[in-house]
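K.L.:
There's a structure below that I have some questions on.
The values are calculated or read from the model by the stated rules, or taken from the named source; none is laboratory data. Everything quoted here is computed from the prediction, not taken from an experiment. Counting neighbours? That spans all protein chains shown, and the Cβs are built from the backbone with ideal geometry, glycine included.
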Amino acid sequence: MKKRLAIGFFTDVFFPMIDGVVNVVDNYAKELSRDFEVYVFAPDYGEITNLDELPYKIIRAKSIQIPKFDYRLTIPTFDTIFRGDVNEIKLDIVHIHSPFAIGMYGINYAKKHNIPVIATLHSQYKRDFYERIKNHYITNLATKELMRRFNKCDRLLAVNEAVAKVFYEYGANIMPMVTNNATDLLPFLNSGYINELKEKYQINIEQKVLLFVGRLDAIKNLDFLIDSLILLRKYDFKFKMIFVGTGPYEDVMKKKIIKNNLQDIIVFTGKIVDRKDLSAHYKLADLFLLPSLYDSSSLVQIEAASQKTPTLFIEKAVTASTVKDGVNGYLSQESSQKYAEKIIAIFENGDDHERISNNAFRELYLTWDQIVEKIKVNYMELIENKRLK
């Protein structure tokens, strides 16, 4: 019987942490496990996480908590158990999902064993660095180093065309190939449960339901969003805002909401792990709000589209590159006042909103099985090219 090819995903963030990269890696791994042996090399978070039912194997490396952040610094080079576990596995291809410690470990493994290495570009690292350290010189040095690492890979995959251009400008040797993100969510059809949620969150018939799903982090432009909600209240627009997720900025947000007397129309649900329940919350919403200028291709906008819920972005946001204003979603100027006014305008014509909602579903909703078929083609091409060399 022919041995199945082995794929190694190297990522510096994984369960129990939940973010876009984690969801991408998990869904890639689950889909690919049908045809390949899949290993995920990820940080140890120092807690027990029940992941026994997954169809792929997770190999953990020691990590250190970074002060004031919910991400961790992984130290695979100094973890003898991790190094031993990796050496026992004969991988046929390496796929990195970050350029940091574990990602670099994956690149070095691939070079040592003469196998192909591929990288998915998830984040606008230069913007992220500057937001954290506020120093252009150090930001440029860090970005140059990351691109040195990425340029060691045999192929770069970008999550949309705008991200491909961003990384080419960062210094990629060749233009990255585009492989879009997707979702595992299915259309939610239980109207009874939607009514239960309306009762739970005390949503009345006059209120439009606005939704945000993701890490509650300042980098997501959440101050901008709350400023827009404050204006909506002043304009006497009837709404209920729901925040799904947790994060380091949550307490700051809640204080600002209380200070502006918005607590009666804003709900924090915390993290929702159950995927059907999450689908229901997208279905409940009339409009998804994503003011982030940081995200590259957020999964949440695709998840929202799966339930015919369109998204309102800020113009020129990289994550909005697949969206046309008034066709399959909405764009606003980068002004909290304009953003609030756009929300009001969206609901002035119910027929237009329904048309755009349907277009979002038809044009933006992608499933992982569709995307993974393209990933397989990349893998087999690279493996064959390496063998020929």
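K.L.:
β-branched (Val, Ile, Thr), at pLDDT 95 or above and either in a helix (DSSP H, G or I) or in contact with a Ser or Thr (Cβ under 8 Å, 6 or more places away or on another chain) (or both) - does that describe any residue in the stretch 324-338?
P.N.:
Taking every residue of the stretch 324-338 in turn, none turns out to be β-branched (Val, Ile, Thr), at pLDDT 95 or above and either in a helix (DSSP H, G or I) or in contact with a Ser or Thr (Cβ under 8 Å, 6 or more places away or on another chain) (or both).
K.L.:
Then there is this: For the stretch 237-259, name all the residues that are more than 18 Å from the chain's Cα centre (by Cα) and part of a loop (DSSP other than H, G, I, E, B).
P.N.:
Scanning the stretch 237-259 gives Phe237, Lys238.
Here is a yes/no grid of residues against (1) out of contact with any Leu (no Cβ under 8 Å at 6 or more places or on another chain); (2) within 25 Å of Met177 (Cβ to Cβ); (3) among the hydroxyl-bearing types (Ser, Thr, Tyr):
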| position | (1), (2), (3) |
| --- | --- |
| Glu88 | yes, no, no |
| Pro99 | no, yes, no |
| Tyr105 | yes, yes, yes |
| Lys111 | yes, yes, no |
| Ala119 | no, yes, no |
| Arg132 | yes, no, no |
| Tyr137 | yes, no, yes |
| Ala142 | yes, yes, no |
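K.L.:
Tell me which of these Met175 doesn't satisfy, since it passes every other one: (1) under 23 Å from Leu157 (Cβ atoms); (2) loosely packed, with under 13 Cβ neighbours inside 10 Å; (3) free of Cβ contacts under 8 Å to residues at least 12 places away in the same chain.
P.N.:
If we test Met175 against (1) under 23 Å from Leu157 (Cβ atoms); (2) loosely packed, with under 13 Cβ neighbours inside 10 Å; (3) free of Cβ contacts under 8 Å to residues at least 12 places away in the same chain, just (2) comes out false.
Residue by residue, here is whether (1) among the polar types (S, T, N, Q); (2) touching a residue at least 40 places away in the same chain (Cβ under 8 Å); (3) surrounded by 15 or more Cβ atoms within 10 Å (Cβ to Cβ); (4) over 27 Å from Trp368 (Cβ atoms) holds:
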| position | (1), (2), (3), (4) |
| --- | --- |
| Ala182 | no, yes, yes, no |
| Phe188 | no, yes, yes, no |
| Tyr201 | no, yes, yes, yes |
| Val213 | no, yes, yes, no |
| Leu216 | no, no, yes, no |
| Ser228 | yes, yes, yes, yes |
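Conditions tested, residue by residue: (1) basic (Lys, Arg); (2) in contact with a His (Cβ under 9 Å, 6 or more places away or on another chain); (3) within 23 Å of Ile343 (Cα to Cα).
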position: Arg233; (1), (2), (3): yes, no, yes
position: Thr246; (1), (2), (3): no, no, no
position: Lys254; (1), (2), (3): yes, no, yes
position: Asn260; (1), (2), (3): no, no, yes
position: Asp274; (1), (2), (3): no, no, no
position: Leu278; (1), (2), (3): no, no, yes
position: Leu284; (1), (2), (3): no, no, yes
position: Asp295; (1), (2), (3): no, no, yes
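K.L.:
Do we find that Ile194 is assigned to a helix (DSSP H, G or I), modelled with pLDDT under 95 and either more than 19 Å from His281 (Cβ to Cβ) or not hydroxyl-bearing (Ser, Thr, Tyr) (or both) in this structure?
P.N.:
no
K.L.:
Right, another one. Give the residues of the stretch 83-108 that are part of a helix (DSSP H, G or I) and surrounded by fewer than 22 Cβ atoms within 10 Å (Cβ to Cβ), sorted by residue number.
P.N.:
Of everything in the stretch 83-108, those that are part of a helix (DSSP H, G or I) and surrounded by fewer than 22 Cβ atoms within 10 Å (Cβ to Cβ) turn out to be Arg83, Gly84, Asp85, Val86, Asn87, Glu88, Ala101, Met104, Ile107, Asn108.
K.L.:
Taking the condition of being part of a helix (DSSP H, G or I), buried (at least 16 other Cβ atoms within 10 Å of the Cβ) and not polar (S, T, N, Q), how many residues in the stretch 341-375 meet it?
P.N.:
Qualifying residue count for the region: 13.
K.L.:
Consider the stretch 232-276. How many of its residues are more than 19 Å from Asp286 (Cβ to Cβ), among the hydrophobic types (A, V, I, L, M, F, W, C) and crowded, with 18+ Cβ neighbours inside 10 Å?
P.N.:
2
K.L.:
Considering only the stretch 59-82, how many residues are crowded, with 19+ Cβ neighbours inside 10 Å, farther than 13 Å from Tyr105 by Cα and under 21 Å from the mean Cα position of the chain (by Cα)?
P.N.:
1
K.L.:
Further, regarding this structure: Please go through the stretch 7-59 and pick out each residue that is under 26 Å from Leu366 (Cα atoms), at pLDDT 95 or above and among the small types (Gly, Ala, Ser).
P.N.:
Gly8, Ala29, Ser33 - these are the residues of the stretch 7-59 that are under 26 Å from Leu366 (Cα atoms), at pLDDT 95 or above and among the small types (Gly, Ala, Ser).
K.L.:
Same structure again: Would you please name the residue that is nearest to Ser191 (Cα to Cα), looking only at residues in the stretch 288-322 that are among the hydrophobic types (A, V, I, L, M, F, W, C) and surrounded by fewer than 22 Cβ atoms within 10 Å (Cβ to Cβ)? Break it down into steps so the answer makes sense when it comes.
P.N.:
Filtering the stretch 288-322 for residues among the hydrophobic types (A, V, I, L, M, F, W, C) gives 288-290, 293, 299-300, 302, 304-305, 312-314, 317-318, 320.
With surrounded by fewer than 22 Cβ atoms within 10 Å (Cβ to Cβ) added as a condition, the list becomes 293, 302, 314.
On the way: Leu293: 34, Ile302: 21, Ile314: 31 Å.
Of everything passing the filter in the stretch 288-322, Ile302 is nearest to Ser191 (Cα to Cα).
K.L.:
Of the residues Lys271, Lys316, which is within 30 Å of Phe167 (Cα to Cα) and out of contact with any strand residue (DSSP E or B) (no Cβ under 7 Å at 6 or more places or on another chain)?
P.N.:
Lys316
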